[in-house]
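The values are calculated or read from the model by the stated rules, or taken from the named source; none is laboratory data. These numbers were taken from a predicted model, which means no experiment stands behind them. With ideal geometry, Cβ positions are generated from the backbone for all residues, glycine too; neighbour counts draw on all protein chains shown. Side chains included, ligands, DNA and RNA excluded: accessible areas come from the protein's heavy atoms. Shrake-Rupley method; radii C 1.70, N 1.55, O 1.52, S 1.80 Å.
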Amino acid sequence: MFWFQSIFDMTVIAPRELMEYDLLIVGGGPAGLAAALRAKEAALNRGFDISIAVVEKGATLGAHTLSGALLDPRALDELLPDWREQAPPFRDPVTDESLCLLSETRAFRFPGWSLPKPIRHRQHVLISLNRLVAWMGERAEACGIDLFTGFVAAQPLYDDDLAQSPLKGVVTGDFGIDQRGVPKPNYQPGVELRARYTLLAEGCRGHLSRLIEERFQLRDGVAPQKYGLGFRELWQIPARQHRPGKAVHLMGWPLADRASGGGFIYHLHDQHIAVGLVVHLDYENPSLSPFDEFQRLKTHPMLRTLLQGGERVGFGARTLTSGGLQSLPRLAFPGGALVGEAAGMVNLPRMQGIHTSMKSAMLAAEAAVNAIAQNRANDTLREYDDALRASWVYDELYATRNIKPCLRHGFARGMLEAGIFLWAQQFKLGRLFPWTLQHEMPDHQALRAVAEMPSLTYPPYDHITTFDRASSLYLSGTQHEENQLCHLRLSDPDLPERLILPHYGGPERLYCPAGVYEYRQSGASSTLRIHAANCLHCKTCDIKDPSLNILWTPPEGGNGPSYSL
């Protein structure tokens with residue numbers, strides 16, 4: 001026993017390993033990898049080399065990457081002009097696109113040519129985002145870029161506690177801490193990764209990005225960010241129902257005036273289709289269940305016919321930003337920058353953000369390389385902010401900036417107003433609408449008391465077309481080490497029973513797509529139980545909780561979903 005305790009004590013006090021780089025990138029998605037590739041290329045073009053590291057919390061590149069996905073190849077063409085000749089595992093062009101307005105039983109189809117140009121998808125590519133990321137990762141590794149998968153960037157690294165101390169890198173999460181906070185025999189301390197500049201490419205509602213925004217007040221004077229919760233199921237359907245290259249976007253039922261949002265159907269390769277729904281998280285009714293709205297969508301006759309005889313082979317859910325241009329924070333801060341969806345680079349009406357995220361990351365990488373060439377370190381990359389404003393990313397976000405604010409007026413009026421703005425861009429009449437509409441409130445403030453709203457009920461699952469949370473979670477490949485600190489933390493542990501359940505009806509049971517939250521009755525009181533092992537890392541709870549009492553923090557690296565298709 002004494003021998004074991006001695007080894008244990010030595011493990012606990014073991015110093016952290018230190019690694020230093022010129023450029024550190026947090027997040028191994030398309031934005032993070034685009035930044036790494038562009039930085040390496042830009043440095044070599046200027047006659048010198050730089051050391052680059054990418055830290056990714058997923059067990060493998062792409063494990064936490066979920067999307068339909070429809071790719072505008074504009075940024076990829078700039079990054080890797082010869083990518084089509086390299087036989088990538090994703091290159092199904094869109095050959096047929098349409099927008100469908102759904103009622104409960106019917107579908108009215110708007111053909112692609114009738115849509116305004118800002119939401120058309122000609123020459124776009126239907127892809128597996130997971131495969132895109134893995135493919136980009138191979139190229140990054142071949143360039144000598146260090147890829148650390150299964151490592152969480154748990155804490156920002158500063159040299160002191162002064163408010164203006166620049167970011168110097170990150171500390172990766174410790175391994176082997178049990179649920180009581182006590183180190184286990186396999187304990188390993190995290191690593192200090194220091195860099196001259198750190199780019200945060202964590203995606204939507206990034207843990208470090210939120211801390212950095214608060215520390216450097218990057219959101220001062222900026223409209224609140226808006227979010228949507230996106231679901232995707234992958235199906236393999238009979239050949240007679242499959243139309244390779246077909247992309248259909250959906251609006252109307254089942255959401256209509258319950259919430260804003262829309263769906264999609266993408267016909268991929270090998271008789272696979274991606275079916276999805278995005279539910280904007282500024283809905284008011286606490287009894288609304290985004291997961292069940294998605295299941296309801298599949299009961300529409302158009303989708304039921306399409307899925308008949310098929311097999312569901314994948315499921316996932318994640319949040320995405322939808323605030324647009326007016327919700328972008330300041331991008332550069334002392335020691336680094338926000339890139340991609342960590343900043344909110346999503347074109348909402350096109351339901352696309354991969355290309356804009358990649359381009360923003362490439363611009364940040366170029367700014368960092370330029371600063372390193374001048375022998376600078378840990379200062380503010382102001383040239384990145386300037387470059388983004390002069391880029392096509394800014395133009396695209398500016399042209400669609402008023403679409404999301406229009407949607408708060410309800411489905412019919414919102415679609416009419418959004419259509420007017422989009423057609424104005426089509427005919428270059430944007431000067432007639434020079435104003436920028438603002439978002440009224442953050443999403444967590446939108447929920448009303450359960451007594452003020454109609455109670456929504458959902459039909460039972462048939463397990464043919466519609467499915468429950470448990471079977472869906474299984475298809476996501478989600479796994480967590482059970483004996484670890486709970487990564488979902490309550491600022492006030494008593495608040496759910498004291499306020500959230502009696503006033504809002506316990507909405508966390510419904511907005512969470514994975515069944516993480518459950519109220520258990522014990523005598524006259526109810527207690528909130530958190531099943532953290534179910535967590536899909538979508539971060540909806542961190543966004544939608546009406547009191548912002550739930551804080552999502554990263555669990556041990558490598559934990560979470562394992563998307564593979």
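Overview of results
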{"quantity": "Tabulated pairs, the stretch 491-513, first in contact (Cβ under 8 Å) with a residue 12 or more places away in the chain, second acidic (Asp, Glu) and assigned to a loop (DSSP other than H, G, I, E, B), C-beta under 8 angstrom, 6+ apart or interchain", "calculated": "500/545; 508/545"}
{"quantity": "Answer from 122, 131, 139 - the residue that is farther than 22 Å from residue 395 by Cβ, open to solvent by 30 Å² or more (accessible area, probe 1.4 Å) and over 21 Å from the mean Cα position of the chain (by Cα)", "calculated": "139"}
{"quantity": "Yes/no for residue 412 being of a type in the set (A, V, I, L, M, F, W, C) and either open to solvent by less than 60 Å² (accessible area, probe 1.4 Å) or at positive phi (or both)", "calculated": "no"}
{"quantity": "Enumeration of residues in the stretch 67-106 that are over 29 Å from residue 135 (Cβ atoms), open to solvent by 50 Å² or more (accessible area, probe 1.4 Å) and not in a loop (DSSP other than H, G, I, E, B)", "calculated": "101"}
{"quantity": "Residue count for the stretch 369-396, restricted to those that are touching a helix residue (DSSP H, G or I) at 6+ places or on another chain (Cβ under 6 Å) and either buried (at least 22 other Cβ atoms within 10 Å of the Cβ) or charged (D, E, K, R) (or both)", "calculated": "6"}
{"quantity": "Single residue of 169, 176, 144 found to be modelled with pLDDT of 95 or more and touching a Lys or Arg at 6+ places or on another chain (Cβ under 6 Å)", "calculated": "169"}
{"quantity": "Candidates 340, 316, 335, filtered to the one that is buried (at least 22 other Cβ atoms within 10 Å of the Cβ), touching a residue at least 12 places away in the same chain (Cβ under 8 Å), within 20 Å of residue 362 (Cα to Cα) and within 20 Å of the chain's Cα centre (by Cα)", "calculated": "340"}
{"quantity": "Among (1) assigned to a loop (DSSP other than H, G, I, E, B); (2) in contact (Cβ under 8 Å) with a residue 12 or more places away in the chain, the one test that residue 529 misses", "calculated": "(1)"}
{"quantity": "Members of the stretch 185-218 found to be assigned to a loop (DSSP other than H, G, I, E, B) and at negative phi, listed by number", "calculated": "189, 190, 191, 201, 202, 204, 206, 216, 218"}
{"quantity": "Leading residue by the ranking (farthest from residue 540 (Cα to Cα)) among those in the stretch 483-495 that are within 26 Å of the chain's Cα centre (by Cα) and open to solvent by less than 60 Å² (accessible area, probe 1.4 Å)", "calculated": "484"}
{"quantity": "Residues of the stretch 416-472 that turn out to be outside any loop (DSSP other than H, G, I, E, B), of a type in the set (A, V, I, L, M, F, W, C) and farther than 27 Å from residue 350 by Cβ, as a count", "calculated": "3"}
{"quantity": "Selection from the stretch 486-526 of residues that are polar (S, T, N, Q) and within 23 Å of residue 555 (Cα to Cα)", "calculated": "491"}
{"quantity": "Given (1) open to solvent by less than 30 Å² (accessible area, probe 1.4 Å); (2) out of contact with any helix residue (DSSP H, G or I) (no Cβ under 6 Å at 6 or more places or on another chain), index of the condition residue 401 fails", "calculated": "(2)"}
{"quantity": "Close pairs from the stretch 13-34: first modelled with pLDDT of 95 or more and part of a strand (DSSP E or B), partner among the acidic types (Asp, Glu) and crowded, with 24+ Cβ neighbours inside 10 Å, Cβ under 8 Å, at least 6 apart", "calculated": "26/202"}
{"quantity": "Residues located in the stretch 159-184, provided they are assigned to a loop (DSSP other than H, G, I, E, B) and surrounded by fewer than 18 Cβ atoms within 10 Å (Cβ to Cβ)", "calculated": "159, 160, 161, 162, 163, 164, 165, 178, 179, 180, 181, 182"}
{"quantity": "Any chance residue 221 is assigned to a loop (DSSP other than H, G, I, E, B), out of contact with any Phe, Trp or Tyr (no Cβ under 6 Å at 6 or more places or on another chain), open to solvent by less than 50 Å² (accessible area, probe 1.4 Å) and on the phi > 0 side of the Ramachandran plot", "calculated": "no"}
{"quantity": "Any chance residue 525 is surrounded by fewer than 19 Cβ atoms within 10 Å (Cβ to Cβ) and in contact with a helix residue (DSSP H, G or I) (Cβ under 8 Å, 6 or more places away or on another chain)", "calculated": "yes"}
{"quantity": "Residue list for the stretch 473-506, filter: part of a loop (DSSP other than H, G, I, E, B), in contact with a helix residue (DSSP H, G or I) (Cβ under 8 Å, 6 or more places away or on another chain), closer than 30 Å to residue 62 by Cβ and not hydroxyl-bearing (Ser, Thr, Tyr)", "calculated": "480, 482, 486, 487"}
{"quantity": "Test: residue in the stretch 534-541 that is part of a helix (DSSP H, G or I), under 29 Å from residue 134 (Cα atoms), of a type outside the set (Val, Ile, Thr) and touching a residue at least 60 places away in the same chain (Cβ under 8 Å)", "calculated": "yes"}
{"quantity": "Only listed residue being aromatic (Phe, Trp, Tyr), within 16 Å of the chain's Cα centre (by Cα) and modelled with pLDDT of 95 or more, chosen from 231, 264, 291", "calculated": "231"}
{"quantity": "Positions within the stretch 451-471 being open to solvent by 70 Å² or more (accessible area, probe 1.4 Å), among the acidic types (Asp, Glu) and within 27 Å of the chain's Cα centre (by Cα), in sequence order", "calculated": "none"}
{"quantity": "For residue 506: the one exception among (1) farther than 22 Å from residue 205 by Cα; (2) buried (at least 16 other Cβ atoms within 10 Å of the Cβ); (3) among the small types (Gly, Ala, Ser); (4) in contact with an Asp or Glu (Cβ under 7 Å, 6 or more places away or on another chain)", "calculated": "(4)"}
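Residue-by-condition table, conditions (1) surrounded by fewer than 23 Cβ atoms within 10 Å (Cβ to Cβ); (2) at positive phi:
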| position | (1), (2) |
| --- | --- |
| 233 | yes, no |
| 243 | yes, no |
| 271 | yes, yes |
| 275 | no, no |
